[in-house]
Amino acid sequence: MITYFTRGQLIFYLVVFIGSYNLQSQDSTIAYWEPEVAFNYKVTPLLKQNFSLSNRNYLYNDQKTQLTIRQIEIAHFSSLTLDPYKSIGLGIQYRFREPFEKAKENELRLTQQFNITKKTSSVRFGNRFRIEQRIQPSKLVHRFRYRFAVDIPLKGLKMDIGEPYLVATTESLLSLGKSIKPMYDQRITSQIGWSISQHLKAQLGIQFRIENYTESTEHVFFFLNSLVISL
C-alpha cells in the first residue's frame, strides 16, 4: 500500500515539476485551466455512451497571468465492447471558439477509436488508437493519436469506493492537412482520482504538452479537474 502511494505521488509531482519549470523558463509557454463534467450511461452490457461538457481558460499567455475563457466544448462518445479487453468507439465533438476569440473558428470533430486493455491484480494498462477529423470552415485536419495509460490504486490492490487512484498517460499525436505541415505533439498527463460513490468520481491533475516539436515548439500546461457521473 505504501509502495503504490509513493509511486503515485512520485509520478504526479514529477509532472508538476516539469510543467512548473517550463512555465517559468519558456517564452512560448501557455497554461490553461480546464474543468469538465462527464456523464456515462450504459445502454446495454456491451454498449456505453458518454456525454461531456468542458471549457478551457487561459491562466498564462503572452508572458502574463490571466483568467480568460478560450473555448467551450460539448461531446458525445459511444463505445462497443468486443471482448473483455477490446472495444471500438465513435465520437462527435463541437468546440465553440468564435464567441471568445473573434479571429478563431469553431470546430466540428469526428473520432474513431480502438482500445485495448490489460489487467493484473492491481494495475490496468490501456492502449488507445484514435483517428480524428477536425473540421473548420477554412481547413480540414486529420489527426492520428496513440495513448498508453496506467491506472493504479493508491490504497490496497483494487479501486474501492472512497479511496484514491492514479491515472498516468503519455500520448503521441500526428496532424496532417492539405494546407499545413505535419505537426507532431506529445502529451504527458497525471491525475489523482477519488471514487466518491458507485456513481460518482472526481479527478484532479496536470497535463504537459509539447506541441509541434519539429517546427516552432510550444509548451502547454493544463490544470485539469473533472467530475464523472455514471448513471
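The values are calculated or read from the model by the stated rules, or taken from the named source; none is laboratory data. Keep in mind the model is a prediction, meaning the values are calculated, not measured. Cβ: placed from backbone, ideal geometry, glycine included. Neighbour counts: every protein chain shown. Protein only, heavy atoms only, side chains kept; ligands, DNA and RNA dropped before computing areas. Shrake-Rupley method; radii C 1.70, N 1.55, O 1.52, S 1.80 Å.
List of remarks:
- Residues that are of a type outside the set (D, E, K, R) and open to solvent by 70 Å² or more (accessible area, probe 1.4 Å) were ranked within the stretch 89-113; the one that is farthest from Phe222 (Cα to Cα) is Leu90.
- Exclusive hit being open to solvent by 20 Å² or more (accessible area, probe 1.4 Å) and out of contact with any strand residue (DSSP E or B) (no Cβ under 7 Å at 6 or more places or on another chain), set Gly162, Gly156: Gly156
- Remark: pairs (first residue in the stretch 213-231, farther than 19 Å from Thr189 by Cβ; second residue assigned to a loop (DSSP other than H, G, I, E, B); Cβ separation under 8 Å; 6+ apart in sequence or on different chains) = Ser216/Ser28; Ile229/His199; Ser230/Gln198; Ser230/His199; Leu231/His199.
- Selection status of Glu98, in contact (Cβ under 8 Å) with a residue 24 or more places away in the chain, more than 25 Å from Thr169 (Cβ to Cβ) and either over 21 Å from the mean Cα position of the chain (by Cα) or assigned to a strand (DSSP E or B) (or both): no
Every residue, every condition in (1) in contact with a strand residue (DSSP E or B) (Cβ under 8 Å, 6 or more places away or on another chain); (2) open to solvent by 40 Å² or more (accessible area, probe 1.4 Å); (3) over 26 Å from Ala168 (Cβ atoms); (4) of a type in the set (Lys, Arg), yes or no:
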site	(1), (2), (3), (4)
Val43	yes, yes, yes, no
Leu47	yes, yes, yes, no
Arg70	yes, no, no, yes
Tyr85	yes, yes, no, no
Asn115	yes, no, no, no
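- Count of residues meeting criterion [assigned to a strand (DSSP E or B) and either closer than 17 Å to Leu166 by Cβ or in contact with a Pro (Cβ under 6 Å, 6 or more places away or on another chain) (or both)] in the stretch 119-134: 4
- Taken as a whole, the condition of being open to solvent by 60 Å² or more (accessible area, probe 1.4 Å), of a type in the set (A, V, I, L, M, F, W, C), touching a strand residue (DSSP E or B) at 6+ places or on another chain (Cβ under 7 Å) and not in a loop (DSSP other than H, G, I, E, B) does not apply to Phe77.
- Residue within the stretch 178-194 that is outside any strand (DSSP E or B), open to solvent by 30 Å² or more (accessible area, probe 1.4 Å) and at pLDDT below 95 present: yes
- Matching residues, the stretch 204-221, being at negative phi and either surrounded by fewer than 18 Cβ atoms within 10 Å (Cβ to Cβ) or touching an Asp or Glu at 6+ places or on another chain (Cβ under 7 Å) (or both): Leu204, Arg209, Ile210, Glu211, Tyr213, Thr214, Glu215, Ser216, Thr217, Glu218, Val220
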